[in-house]
Amino acid sequence: MNYPPAIFLMGPTTSGKSGVALEIARHLPVEIISVDSAQVYRYMDIGTAKPSVKTQAAVPHHLIDLIEPHEHYSAAQFRDDALAAMRKITERGNIPLLVGGTMLYFHALLEGLSELPAADSSVRMVIDSMAEDRGWPALHQELQRLDPTSAMRIKAADSQRIQRALEVYYLTNKPMSEMLKKPRYVYLPYQMTRIALIPSNREMLHRRIAQRFEVMLELGLINEVRAIRNKFGLDADSPAMRCIGYRQVGMYLDEEISLSEMYAKGLAATRQLAKRQLTWLRPMQGLQEFDCLAQNLSPQVLEYLRTTSLQAAAAP
């Protein structure tokens with residue numbers, strides 16, 4: 001079948017994905033779909049490196065500013081939203097260009113998701129009450145009894161994942177690890193071009209990470225976090241405050257760490273994120289890799305796109 005084209009532009013943080021995407025938009029009839037688990041939050045602009053209002057006006061962007069900072073957003077929701085956006089973009093005669101670094105979201109699109117139950121606020125309230133009484137390490141021990149396979153891969157301090165694994169068990173009376181083994185249904189009727197921006201020098205990427213974090217602080221990241229926390233009454237366990245940068249600034253605002261410690265922890269967490277993103281990309285099949293540190297990165301990517309099946313869609 002002649003499926004419509006779609007472009008996946010992936011890479012670690014600060015690899016230049018946004019710049020390349022905008023350059024592609026100058027030459028191909030694309031609309032950008034954000035694949036970023038932090039940019040879905042409203043009011044979180046500086047710390048997520050969200051495209052400016054001017055940029056979003058110049059090139060259509062989707063899946064940005066979807067929810068409030070106190071709300072939850074899952075990979076399953078992203079898959080549904082992304083497929084709906086891709087369909088509408090294709091119907092308009094344009095090409096979906098999916099850009100971002102949330103590899104779990106790309107994985108959800110490419111590999112599908114297991115049929116796990118939706119979040120249940122009542123069950124989560126019960127689990128949170130249990131955690132207040134007994135502590136998350138005790139609930140991790142309970143998970144070891146109910147679902148030892150999941151407990152082995154979840155750290156005792158990872159309250160979010162402990163909560164989800166227990167929630168699944170309480171809702172289904174089955175271990176989440178068992179349900180994850182079921183075959184996944186994948187529906188992605190597109191001819192995909194997968195591009196990965198990979199650094200040839202990890203230290204250079206780390207310098208970019210440091211430069212971006214410094215710019216975010218200069219632009220007012222601390223005030224942004226303070227304002228969001230005050231507006232929505234958020235704490236360290238709120239979904240949005242788990243995002244890298246926001247978590248560390250929150251610790252600083254709570255006087256748990258100093259300004260210099262906040263900076264160091266923010267850098268370390270972002271470097272770890274980049275490492276995880278590259279680990280996700282390493283085994284992915286069908287990738288065309290480009291050195292994100294190359295001076296002529298955008299022209300290289302555009303030339304590649306022009307020599308693929310997207311050539312017919314290129315602007316005159």
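The values are calculated or read from the model by the stated rules, or taken from the named source; none is laboratory data. Keep in mind it's a predicted model, so treat the numbers as computed, not measured. Glycine also receives a Cβ, built like all others from the backbone with ideal geometry; neighbour counts cover every protein chain displayed.
Any idea how many residues of region 113-139 are under 26 Å from the mean Cα position of the chain (by Cα), in a helix (DSSP H, G or I) and not hydrophobic (A, V, I, L, M, F, W, C)?
Residues in region 113-139 being under 26 Å from the mean Cα position of the chain (by Cα), in a helix (DSSP H, G or I) and not hydrophobic (A, V, I, L, M, F, W, C): 3 in total.
Considering (1) farther than 26 Å from D80 by Cα; (2) modelled with pLDDT under 95; (3) surrounded by 15 or more Cβ atoms within 10 Å (Cβ to Cβ), say which one D158 fails and leave the rest.
(3)
Return the residues of region 254-305 that are in contact with a Lys or Arg (Cβ under 6 Å, 6 or more places away or on another chain) and loosely packed, with under 15 Cβ neighbours inside 10 Å; say none if nothing qualifies.
Listed by number, the list holds a single entry, G286.
In region 228-258, which residues are hydroxyl-bearing (S, T, Y) and outside any loop (DSSP other than H, G, I, E, B)?
Within region 228-258, Y246, Y252 qualify.
Tell me, please, whether a residue that is on the phi > 0 side of the Ramachandran plot and in the same structural domain as M103 (by TED's automatic domain parsing) can be found in region 232-251.
yes
Test S177 against the criterion of being touching an Asp or Glu at 6+ places or on another chain (Cβ under 6 Å) and either small (G, A, S) or not in a helix (DSSP H, G or I) (or both), and give yes or no.
yes
Being farther than 30 Å from G286 by Cβ and crowded, with 18+ Cβ neighbours inside 10 Å is the filter here, so list the residues in region 110-128 that pass it.
Correct list: I127 only.
With (1) at pLDDT 95 or above; (2) assigned to a loop (DSSP other than H, G, I, E, B); (3) among the acidic types (D, E) as the list, and E261 as the residue in question, which single condition is left unmet?
(2)
Listed here are the residues, each with its yes/no results for (1) surrounded by fewer than 13 Cβ atoms within 10 Å (Cβ to Cβ); (2) in the same structural domain as P60 (by TED's automatic domain parsing).
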site	(1), (2)
F78	no, yes
R87	no, yes
M103	no, yes
A108	no, yes
M130	no, no
Q144	no, no
R153	yes, no
I162	no, no
L171	no, no
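Of everything in region 1-60, what is farther than 24 Å from Q77 by Cα, of a type in the set (A, V, I, L, M, F, W, C) and outside any loop (DSSP other than H, G, I, E, B)? Give them in sequence order.
Selection gives V20, L22, I24, A25, V53, A57, A58.
Pull up region 29-59, narrow it to residues that are closer than 16 Å to T14 by Cα and hydroxyl-bearing (S, T, Y), then point me to the one that is surrounded by the most Cβ atoms within 10 Å (Cβ to Cβ).
Selected residue: S34.
Between a residue in region 277-289 that is more than 12 Å from G101 (Cα to Cα) and any residue that is modelled with pLDDT under 90 and surrounded by 11 or more Cβ atoms within 10 Å (Cβ to Cβ), which pairs come within a Cβ distance under 9 Å, given they are 6 or more apart or on different chains?
What qualifies is Q288/T308.
Please count how many residues of region 173-228 are surrounded by fewer than 18 Cβ atoms within 10 Å (Cβ to Cβ) and either of a type in the set (D, E, K, R) or at pLDDT below 95 (or both).
Of the residues in that region, 24 qualify.
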